[in-house]
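This report concerns only the one structure given below.
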Ligand SMILES: C=Cc1c(C(=O)O)[nH]c(=O)[nH]c1=O
């Protein structure tokens, strides 16, 4: 069973990759991803200047998932632009994740990182952890304005990392925006923003930033992730490839994302908790599952979710 896939004309040797943010901030982390069985290298979302990020503890894993308020720790876009040629020599696609602290940052960073020619650029409209900054992805007009400015300066495939939406009216509104911005792929979803995890023993929050509020990931968000993959897959009738992210812990979870319409999947919490060996486990599990079900490749099951 081949687990390779193609997104916007770019061939991925494997369908599993890290989610931006998971083990991908430093040169060593990115090169380790290059040596691992990951099907791609995805950078941490980058900003104009290097950032330490929020005070620790800022990540907490627990049975069922994780909560984080990292605060965009990254090396700054210039460092990643310098790294991209070396990362591309690892023999798998390099996805540069672009963020910013304000709207004007995005086209500036995108133009500079495009010059380094990553295989794809992923525009992150969904960071939930910048104190005082609402997620751009929840503002349709701002999203459209930003994506059009970024599209003009990017010559490689451009994708969008969106937050979860919880109302079909929002799926439709964002679908219209995406349809007008010449987007090459979608990545659904980012963490479920501003959850709160409490430690009843200590009677305290578990992360320091924002009074303990942070983005939720892991198993508990899988139904939300699947709903968003399915909603946008149906809106675009499979014509815009989707990377499914959220709640993938084993091969069956990845299969569910493919059934809902994903062409590739990203992992965050399970990668942080288990380490780079998780890629081998997930590939083994998915290949066995597809074999058992009689599918020869991912595209044979993509979008085949049955309704009752
Ligand atoms: C880019 C910042 C993000 C962060 C962060 O750096 O706090 N955490 C997330 O769960 N998603 C993000 O998009």
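Residue-wise test of (1) more than 13 Å from the ligand (Cβ to nearest atom); (2) farther than 24 Å from residue 12 by Cα; (3) touching a residue at least 40 places away in the same chain (Cβ under 8 Å).
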position	(1), (2), (3)
179	yes, yes, yes
185	yes, no, yes
197	yes, yes, yes
206	yes, yes, yes
210	no, yes, yes
216	no, yes, yes
223	yes, yes, no
226	yes, no, no
234	yes, no, no
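Determine if region 47-61 includes at least one residue that is surrounded by 16 or more Cβ atoms within 10 Å (Cβ to Cβ), more than 14 Å from the ligand (Cβ to nearest atom) and modelled with pLDDT of 95 or more.
Looking for residues that are surrounded by 16 or more Cβ atoms within 10 Å (Cβ to Cβ), more than 14 Å from the ligand (Cβ to nearest atom) and modelled with pLDDT of 95 or more, one finds none in region 47-61, hence no.
Look at region 63-98 and say how many of its residues are part of a loop (DSSP other than H, G, I, E, B), in contact with a strand residue (DSSP E or B) (Cβ under 8 Å, 6 or more places away or on another chain) and away from the ligand (no atom under 16 Å from the Cβ).
Taking region 63-98 first, the residues part of a loop (DSSP other than H, G, I, E, B) are 63-64, 69-73, 75-76, 89-93.
Then drop every residue that is not in contact with a strand residue (DSSP E or B) (Cβ under 8 Å, 6 or more places away or on another chain), which leaves 69-73, 75-76, 90, 92-93.
Pick out the ones that are also away from the ligand (no atom under 16 Å from the Cβ) and you get 90, 92-93.
Here the count works out to 3.
Please specify each residue of region 101-124 satisfying the condition of being within 16 Å of the ligand (Cβ to nearest atom), farther than 22 Å from residue 241 by Cβ and modelled with pLDDT of 95 or more.
105, 109
Out of region 93-103, which residues are in contact (Cβ under 8 Å) with a residue 40 or more places away in the chain and either touching a helix residue (DSSP H, G or I) at 6+ places or on another chain (Cβ under 7 Å) or surrounded by fewer than 21 Cβ atoms within 10 Å (Cβ to Cβ) (or both)?
Listed by number, the residues that qualify are 94, 96, 98, 100, 101, 103.
Of the residues in region 126-146, how many are crowded, with 23+ Cβ neighbours inside 10 Å and either under 30 Å from residue 89 (Cα atoms) or within 14 Å of the ligand (Cβ to nearest atom) (or both)?
6
The values are calculated or read from the model by the stated rules, or taken from the named source; none is laboratory data. Every value quoted in this text rests on a predicted model; they were computed, and no experiment measured them. Because the Cβ atoms are built from the backbone with ideal geometry, glycine has one as well, and the counts that use them run over all protein chains shown.
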